[in-house]
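Note sheet for the following structure.
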Amino acid sequence: MGLLVRLRPIAFIGTLLVLWQVAVSLNPVHILPSPWGVMRGIVDLLHHGLLFKYVVASLFRVSWGFSLAAILAIPLGLAIGWYQRANMALHPLVQVFRPISPLAWIPLAILWFGVGDAASIFLIFLGSFFPLLLTAINAVRNIPAVYISAGRNFGLRPVDLIFRVLYPSVVPQLLIGLRITLGVAWLVVVAAEMIAVDSGLGFLIVDARNAGNRYDLVVAGMMIIGLIGLLLDTGMRSLENMKSFRWAYSED
């Protein structure tokens, strides 16, 4: 029974591929490449050494932009959520910049950093910073008051209260926020690479469209983006299941 459950996703994907192939075969105007054509496109990318190069380039930009955002946004968000004065001072500024799409910064990013990795990393940083900041702020505000009261009743110093109550309480929500924001970062890098760089999976899609209407490579790029996004999400979900990060979860 367990084996059948595991095989269901594979069978479903296989069914979709068959339907895709049938739909392409029945349509006299091939507005979409066949699955076999997409596979040949992926093999072509591998043969020319471009697939690995583009995947590494995209992951490099996401890693830097996402990591920098996490390093800066999470401590700042915890401070804003913990200290009322910090919240009063910075909350209006956060609400002004938060609704601005990272893509709206593309002209300034190119002006400041030129066409290259720095511009894309900057856009990914912006796309990741505010979601992580708000996640950290809300995580602090959602700490049950009884935890804080208990820590103070036991005579914990402010520093001990932060490290022994604040951080363990917010970790589960931060992991969820990191998982969601990583997906946002992956979306932003693809969009940024279509404009601000000359490599990466986003560039692959635009370049394939412009250089001879290679729609097999366009769809191949889309499928690779989706697969990598799935792998990134799976990796983040595995962190949520680690026992050391489940301090605030109730046991079944």
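Taken over segment 172-220, the criterion of being more than 23 Å from Ser67 (Cβ to Cβ) and among the hydrophobic types (A, V, I, L, M, F, W, C) is satisfied by Leu204, Ile205, Val206, Ala208, Ala211, Leu217, Val218, Val219, Ala220. Of the helices (runs of 4 or more DSSP H) lying entirely inside segment 117-226, the ones with 2 or more residues being within 18 Å of Leu72 (Cα to Cα) and in contact with a Leu (Cβ under 9 Å, 6 or more places away or on another chain) are found at 117-141, 167-193. Here the condition is being surrounded by 17 or more Cβ atoms within 10 Å (Cβ to Cβ), closer than 26 Å to Asn87 by Cα and modelled with pLDDT under 80; of Leu182, Leu166, it holds for Leu166 alone. When residues in segment 106-116 are screened for being without any contact (Cβ under 8 Å) to a residue 12 or more places away in the chain and part of a helix (DSSP H, G or I), 5 of them pass. Taken over segment 228-245, the criterion of being of a type in the set (D, E, K, R), modelled with pLDDT under 80 and either exposed (fewer than 13 other Cβ atoms within 10 Å of the Cβ) or farther than 15 Å from Leu178 by Cβ (or both) is satisfied by Lys243 alone.
Cβ-Cβ contacts under 7 Å between residues 6 or more apart (or on different chains), taken from a first residue in segment 221-240 that is under 19 Å from Gln173 (Cβ atoms) and in contact (Cβ under 8 Å) with a residue 12 or more places away in the chain to a second residue that is in a helix (DSSP H, G or I) and of a type outside the set (A, V, I, L, M, F, W, C), are listed as Asp233/Arg179; Asp233/Gly183; Met236/Arg179; Arg237/Arg179. From the list Ser101, Ser128, Ser67, the lone residue that is farther than 22 Å from Val159 by Cα and either buried (at least 20 other Cβ atoms within 10 Å of the Cβ) or in contact with a strand residue (DSSP E or B) (Cβ under 7 Å, 6 or more places away or on another chain) (or both) is Ser128.
The values are calculated or read from the model by the stated rules, or taken from the named source; none is laboratory data. Model, not experiment: these values are computed from the prediction. Heads up, the Cβs are rebuilt from the backbone with ideal geometry, glycines too, and the neighbour counts pull from every protein chain shown.
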